[in-house]
Amino acid sequence: MRRRKGTPWFQDIPRRARFEAGVHPAYEIKSRCSGRSTSSLVTYQVVVPVPEYEARRVTITLYNTFTPILKSVIADGPAESLHRYGSGTLCLWYPDDPPEKRWLHEDGLLQLILHARVHLFKEAWWRETGEWLGDQAPHGADWTIVPIAVGAVTAIGTAIAGVVTWFVSGVRAERARLQKLYADAYSAVVSYQEFPYIIRRRRTPTPGHEEIGGEERLRISAALHAVQEALNNYRAQISTES
């Protein structure tokens with residue numbers, strides 16, 4: 001049976017299956033759609049494991065237009081973050097980031113969950129250490145840090161005491177060193193997983209600019225070589241810690 005022209009993506013079974021490919025074997029996920037029109041919303045709820053930290057329940061909302069358009073990604077648990085909007089929505093990338101650093105609908109739901117998982121790990125790490133892993137984009141007026149809850153004065157005093165305890169404790173310092181090692185190694189693995197999407201989005205030669213193909217091969221090869229070197233380095237370091 002041919003697909004009816006203009007069918008929203010969630011009601012288009014083949015297109016929806018491609019979008020959800022690989023998700024159900026990896027995660028327990030629930031989905032619902034508020035209607036059958038292009039003005040309705042599609043919601044996915046999934047429990048996302050966060051390495052070294054507590055798992056989080058994530059709610060992903062998309063517009064049910066002719067292609068999936070992301071509306072928001074929200075997670076339960078602590079809300080303090082350097083990179084969330086005022087509504088609590090995760091700020092997963094900067095709008096002006098190049099395509100290889102953002103999620104596009106053709107990447108599918110599984111890749112979007114991976115973006116959220118990495119972001120939640122960075123948030124948890126920042127809450128514990130005060131350090132945000134990876135690149136950061138400047139936040140303007142529309143980029144809101146979630147406010148600290150009532151009792152901020154008491155919390156500041158507690159935080160100062162916690163910082164002092166952290167630095168005088170050799171055990172905690174060693175734990176922080178290992179967590180940093182594992183965090184950097186995990187980031188390298190995520191970077192390696194991005195390469196199928198980087199290759200798919202590479203620039204293609206055009207008439208008069210045939211050299212683009214060679215330039216793209218060199219760029220991607222150099223980046224892949226750097227990531228593979230990093231993976232080998234982290235593999236060696238982690239093996240000595242085992």
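The values are calculated or read from the model by the stated rules, or taken from the named source; none is laboratory data. Since this is a predicted model, take the numbers as computed values, not measurements. Cβ coordinates were reconstructed from backbone atoms using ideal geometry, including for glycine residues, and neighbour counts include every protein chain displayed.
Inside the stretch 2-32, can you point out the residues that are modelled with pLDDT under 90 and at positive phi?
6
What do you reckon, is residue 9 in contact with a Lys or Arg (Cβ under 8 Å, 6 or more places away or on another chain), of a type in the set (A, V, I, L, M, F, W, C), farther than 30 Å from residue 130 by Cβ and not assigned by TED's automatic domain parsing to the domain that holds residue 186?
Yes: the conditions hold for residue 9.
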